[in-house]
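Colleague: Next up is a structure, given as structure tokens.
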Amino acid sequence: MESKECERLLLAHGVKPTANRIVVVKALAAAGRPLSLSELERDILSIDKSGVFRALTLFRDHHLVHAIEDGSGGTRYELCHSHHADRDDDQHPHFFCRVCRRTYCLEGMPLPSPAMPDGFQAETASFLVTGVCPECNSRKNNMQR
């Protein structure tokens, strides 16, 4: 993702584009999958952990990232491609591989819509499937041959 595109995305979500914020957006876009804070810190050498965390917190508040509980007790972050600065319209399920401990987006799969009891108003939902990803499954099958 080019810097100008990052700036447009930040502005569309009501976030002032700064050099650090653009670097974090670029890192998230390049990853193509949800990343943990430590993965982002490892990939972004020019910003310290607190700077990356501040950017992610601001992005989450402005619906620019999804914060995903990954099944291992950690949180991962991915760019939100919502067209609204005040709500998410691109929610999708995720898959956590228990072998390689990566989290994958399951784009194009709808989230189940639970019926809410009277008085409850759902705002967001998350859906996480845990298992073995194709790469780890292939490695396992090759070892058994």
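The values are calculated or read from the model by the stated rules, or taken from the named source; none is laboratory data. Keep in mind it's a predicted model, so treat the numbers as computed, not measured. Note that we place each Cβ from the backbone using ideal geometry, even for glycine, and neighbour counts take in every protein chain shown. Keep in mind that these areas ignore ligands, DNA and RNA; they rest on the heavy atoms of the full protein, side chains included. Shrake-Rupley method; radii C 1.70, N 1.55, O 1.52, S 1.80 Å.
Colleague: Out of all the residues in segment 39-70, which are in a loop (DSSP other than H, G, I, E, B) and either out of contact with any Lys or Arg (no Cβ under 8 Å at 6 or more places or on another chain) or among the charged types (D, E, K, R) (or both)?
Modeller: Result: 44, 45, 46, 47, 48, 62, 64, 70.
Colleague: Quick one: what pairs do we get from segment 23-34, first residue closer than 17 Å to residue 104 by Cβ, second of a type in the set (A, V, I, L, M, F, W, C) and outside any helix (DSSP H, G or I), C-beta under 6 Å, 6+ apart or different chains?
Modeller: Between residues of segment 23-34 that are closer than 17 Å to residue 104 by Cβ and residues that are of a type in the set (A, V, I, L, M, F, W, C) and outside any helix (DSSP H, G or I), the close pairs are 28/79; 29/1; 29/79; 34/68.
Colleague: Which of the residues belonging to segment 19-38 are surrounded by fewer than 17 Cβ atoms within 10 Å (Cβ to Cβ), in a helix (DSSP H, G or I) and in contact with a Phe, Trp or Tyr (Cβ under 9 Å, 6 or more places away or on another chain)?
Modeller: Across segment 19-38, the qualifying residue is only 37.
Colleague: Okay, next question. Name the single residue that is nearest to residue 128 (Cα to Cα) among those in segment 1-18 being of a type outside the set (A, V, I, L, M) and part of a helix (DSSP H, G or I).
Modeller: 6
Colleague: Restricting to segment 47-100, and then to whatever is open to solvent by less than 20 Å² (accessible area, probe 1.4 Å) and aromatic (Phe, Trp, Tyr), can you tell me which residue is modelled with the lowest pLDDT?
Modeller: The selected residue is 96.
Colleague: Now for a different question. If you take the residues of segment 57-72 that are aliphatic (A, V, I, L, M) and over 24 Å from residue 129 (Cβ atoms), which of them is farthest from the chain's Cα centre (by Cα)? Spell out how you get there, then give the answer.
Modeller: Step one: of segment 57-72, the residues aliphatic (A, V, I, L, M) are 58, 64-65, 67-68.
Within this subset, residues satisfying the condition of being over 24 Å from residue 129 (Cβ atoms) are 58, 64.
Working: 58: 14, 64: 10 Å.
It comes out as 58.
Colleague: Considering segment 129-145 alone, what residues qualify as being open to solvent by less than 80 Å² (accessible area, probe 1.4 Å) and not in a loop (DSSP other than H, G, I, E, B)?
Modeller: We begin by selecting, within segment 129-145, every residue open to solvent by less than 80 Å² (accessible area, probe 1.4 Å); these are 129, 131-133, 136-138, 141.
Hits for segment 129-145 are 129, 131, 136, 137, 138, 141.
Colleague: Here's another thing I want to ask about it. Going by what's in this entry, would residue 92 be described as part of a loop (DSSP other than H, G, I, E, B), in contact with a strand residue (DSSP E or B) (Cβ under 9 Å, 6 or more places away or on another chain) and either closer than 24 Å to residue 5 by Cβ or among the basic types (Lys, Arg) (or both)?
Modeller: Spelling it out, residue 92 is indeed part of a loop (DSSP other than H, G, I, E, B), in contact with a strand residue (DSSP E or B) (Cβ under 9 Å, 6 or more places away or on another chain) and either closer than 24 Å to residue 5 by Cβ or among the basic types (Lys, Arg) (or both).
Colleague: Would you pick out the residues in segment 110-128 that are modelled with pLDDT of 80 or more and either over 18 Å from residue 66 (Cα atoms) or exposed (fewer than 13 other Cβ atoms within 10 Å of the Cβ) (or both)?
Modeller: If the condition is that a residue be modelled with pLDDT of 80 or more and either over 18 Å from residue 66 (Cα atoms) or exposed (fewer than 13 other Cβ atoms within 10 Å of the Cβ) (or both), then 114, 115, 116, 117, 118, 119, 120, 121, 122 are the ones that fit.
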